[in-house]
Amino acid sequence: MPLDHFVVESPEAWAVQAYVDIANDVLLDHNLGQAVAKLHIEIDPVYPLFIAVGMLGRLPPLVRLRDFADVTFEPGKVKLGINEETHLASLLDRLWRQYGKNRVEQPDRWTVEISDEPDLPVDRDLADLVVSDPTEGLVRDLIYALLAIAPEGFRVREHRYEDGRFWLASSENTLPEDLPARIRALFAKMGEAAP
Amino acid sequence: MILVPITYKGGVYRHDEIVDLIADLGGYVIQKHMLATEVVLLCLVPRDDIPLISRIGKPIGGEVTLSPLVGTEVAIVTPSLSIHHLPHPACDIAEYVRRLGAKSNMIGLARGYGKRVAQTSAEEREIINEHDCAVFLLGNFEHCIVEKMRALRRGIDVPIVLTGKPDTEVLRTAIDPPVAGYVGDIGRFMHRTKEADEIARLDAIVAEIVRVLDLRREEIAKDPLSASPARLMAVIQEQVPEVLEVTSPTPVTVQIAGLRVKLPFADFADRIRSAEVEEGVTIGQVADVLPSRMRDYILVRIKPSSETDIVV
């Protein structure tokens with residue numbers, strides 16, 4: 001797997017190679033091989049504690065309304081001509097939350113209309129509306145993958161993602177007090193700052 | 001007459017001649033698979049007659065191989081049924097063992113994960129104890145394997161074969177008191193076993209199971225069973241024909257010292273007890289017919305001859 005930094009640390013030598021293979025297989029199975037740029041895993045079987053820290057590679061761009069729909073302002077309504085249905089569900093969800101279900105109509109599969117009233121105007125920059133952030137799904141998949149990599153009994157978990165950097169710690173016991181310091185140390189080994 | 005486990009693989013065409021031959025020689029067909037135009041027979045046959053079966057099977061494309069696991073039921077025990085252990089390695093190992101003739105049952109423990117919290121329930125222990133041996137598939141850390149085995153082995157009476165990532169010798173040294181068998185270098189992994197070295201590890205597991213079961217057979221041979229499990233299988237199939245209508249692949253599963261009959265205990269236990277093996281000798285006299293913890297099946301445990309004074 002072409003990662004810039006990929007290290008597994010553990011006091012038991014045979015477990016290191018086993019977890020390198022497990023991480024490889026899991027990330028490839030979840031199509032995360034290209035998304036993750038750096039990954040550093042530390043496993044302490046005695047405490048026991050599993051820490052994975054890392055960085056995502058190039059983040060996918062935000063999906064805006066103009067990327068998949070034509071926006072036309074007409075008297076009394078705004079008409080959206082949908083070119084691609086992939087993001088339609090999340091678009092409707094956003095429009096319902098912003099304008100209410102009574103103002104959003106879908107007369108056919110490829111058209112959405114929002115009633116534009118003088119006292120309740122539709123945002124003139126509607127085309128720039130952020131419909132979905134693919135990074136959210138990516139991070140969700142990543143956390144799921146890290147939980148599949150971690151030993152199974154480690155049910156006490158904590159994770160964080162911020163600006164392309166992520167960490168996940170899990171254990172069978174309560175997480176240790178020095179966890180932040182350990183995470184910072186692992187990020188330092190990758191040449192990065194902890195989120 | 002010493003019966004030897006073999007696998008016969010050949011075409012469907014004229015395979016009934018082989019089935020008849022095995023019956024005429026005093027052998028038993030334990031399991032029969034029909035896969036499109038291929039038939040696989042798992043059998044116990046007299047040792048001296050193997051060349052004869054090979055010779056008769058050859059013109060119709062049949063092939064005979066020794067399969068030491070035929071007539072055994074093996075429990076493949078994993079700490080859970082989660083993505084961490086399934087489908088690899090648990091399914092790979094269960095399937096490989098099955099391919100070599102054993103009836104393998106996968107048992108995913110409800111709370112077998114975690115070194116501190118791992119435990120087994122009474123039901124799980126009783127189900128495992130109904131098998132000829134149990135293969136425990138544990139993970140990659142010696143420290144965790146040692147801790148967990150203390151809890152997982154409690155109450156298990158059948159021989160245990162332990163697998164884990166540390167070397168076999170490391171496992172052998174670390175586990176105290178010892179278990180029956182060890183196979184190292186096969187811990188938790190997340191891909192299908194297809195490379196040559198991975199298949200070699202599966203072969204090592206099979207070899208260890210065979211060794212452990214041979215020891216068990218030797219132990220049983222010191223005080224032989226009152227009846228052969230394969231013979232009781234034939235008796236049950238003949239006198240309780242309802243078992244032939246069961247859709248399970250092995251309606252009567254043969255074990256080293258018993259049988260699992262996949263019929264409801266409440267309805268069929270008495271009929272099985274009263275089935276006659278020979279004139280005046282019933283199954284109830286030579287074996288305990290017990291309810292199995294697996295569904296509502298029947299477990300037949302054959303008594304040693306020293307207990308019954310009967311050998312049939």
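The values are calculated or read from the model by the stated rules, or taken from the named source; none is laboratory data. Since we're looking at a predicted model, the values are computed, not measured. Virtual Cβ from ideal backbone geometry, glycine too; neighbours counted across all protein chains shown. To get the accessible areas, we keep the full protein, side chains included, count just its heavy atoms, and leave off ligands, DNA and RNA. Shrake-Rupley method; radii C 1.70, N 1.55, O 1.52, S 1.80 Å.
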Completion exercise
Per the filter on segment A:35-46, residues more than 9 Å from every other protein chain (Cβ to nearest Cβ) and within 19 Å of B:Ala174 (Cβ to Cβ) are A:Asp44
Practice task
Answer yes if at least one residue in segment A:22-42 is in a strand (DSSP E or B), assigned by TED's automatic domain parsing to the domain that holds A:Ile149, touching a Ser or Thr at 6+ places or on another chain (Cβ under 9 Å) and surrounded by 19 or more Cβ atoms within 10 Å (Cβ to Cβ), and no otherwise.
Solution key: yes
Exercise for the section: Restricting attention to helices (runs of 4 or more DSSP H) lying wholly within segment B:93-192, give those where 2 or more residues are in contact (Cβ under 8 Å) with a residue 40 or more places away in the chain. Expected result: B:122-129, B:142-152
Problem - Matching option when the condition is on the phi > 0 side of the Ramachandran plot and not hydroxyl-bearing (Ser, Thr, Tyr), among A:Gly137, A:Gly153, A:Gly191 - result: A:Gly191
Practice task
Please go through segment B:50-79 and pick out each residue that is part of a strand (DSSP E or B), β-branched (Val, Ile, Thr) and within 19 Å of B:Gly181 (Cβ to Cβ).
Solution key: B:Val74, B:Ile76, B:Val77, B:Thr78
Problem - The lone exception for B:Asp167 - which of (1) open to solvent by 40 Å² or more (accessible area, probe 1.4 Å); (2) more than 23 Å from B:Val206 (Cβ to Cβ) it fails - result: (2)
Handout entry: Selection count, segment A:151-169, where residues are within 14 Å of chain B (Cβ to nearest Cβ) and surrounded by 23 or more Cβ atoms within 10 Å (Cβ to Cβ)
Key = 2
Exercise for the section: For A:Val53, state whether it is open to solvent by 40 Å² or more (accessible area, probe 1.4 Å) and assigned to a strand (DSSP E or B). Expected result: no
Problem - Scope segment A:32-56; condition in contact (Cβ under 8 Å) with a residue 40 or more places away in the chain and farther than 22 Å from B:Lys148 by Cβ; matching residues - result: A:Leu32, A:Ala35, A:Val36, A:Lys38, A:His40, A:Ala52, A:Val53, A:Gly54, A:Met55, A:Leu56
Exercise for the section: Can you tell me which residue within segment A:56-91, out of those that are open to solvent by 80 Å² or more (accessible area, probe 1.4 Å) and part of a loop (DSSP other than H, G, I, E, B), is modelled with the lowest pLDDT? Expected result: A:Arg58
Practice task
Among the numbered conditions (1) modelled with pLDDT under 95; (2) under 18 Å from the mean Cα position of the chain (by Cα); (3) open to solvent by less than 70 Å² (accessible area, probe 1.4 Å); (4) not small (Gly, Ala, Ser), tell me where B:Pro224 comes up short.
Solution key: (2)
Practice task
Out of A:Leu32, A:Leu62, A:Leu49, A:Leu27, report the one residue that is more than 14 Å from chain B (Cβ to nearest Cβ) and not aromatic (Phe, Trp, Tyr).
Solution key: A:Leu62
Exercise for the section: Mind listing just one residue for me: the one in segment A:1-21 that is more than 14 Å from chain B (Cβ to nearest Cβ) and assigned to a loop (DSSP other than H, G, I, E, B) and, of those, nearest to the chain's Cα centre (by Cα)? Expected result: A:Leu3
Practice task
Looking only at segment B:150-199, count how many residues are within 14 Å of chain A (Cβ to nearest Cβ), more than 21 Å from the chain's Cα centre (by Cα) and within 24 Å of B:Glu123 (Cα to Cα).
Solution key: 1
Practice task
Taking A:Ser132 as the residue in question, decide whether it is polar (S, T, N, Q) and modelled with pLDDT of 95 or more.
Solution key: no
Practice task
From (1) open to solvent by less than 40 Å² (accessible area, probe 1.4 Å); (2) closer than 22 Å to B:Glu238 by Cβ; (3) not in a helix (DSSP H, G or I), pick out the condition that doesn't hold for B:His84.
Solution key: (2)
Completion exercise
Screening A:Ala145, A:Ala169, A:Ala185, A:Ala193 for residues that are out of contact with any helix residue (DSSP H, G or I) (no Cβ under 9 Å at 6 or more places or on another chain) and over 18 Å from A:Leu65 (Cα atoms) leaves only A:Ala185
Practice task
Go through segment B:82-100 residue by residue and tally those that are at pLDDT 90 or above, aliphatic (A, V, I, L, M) and touching a helix residue (DSSP H, G or I) at 6+ places or on another chain (Cβ under 8 Å).
Solution key: 3
Practice task
Would you please name the residue that is nearest to A:Pro151 (Cα to Cα), looking only at residues in segment B:171-193 that are among the β-branched types (Val, Ile, Thr) and crowded, with 17+ Cβ neighbours inside 10 Å?
Solution key: B:Ile186
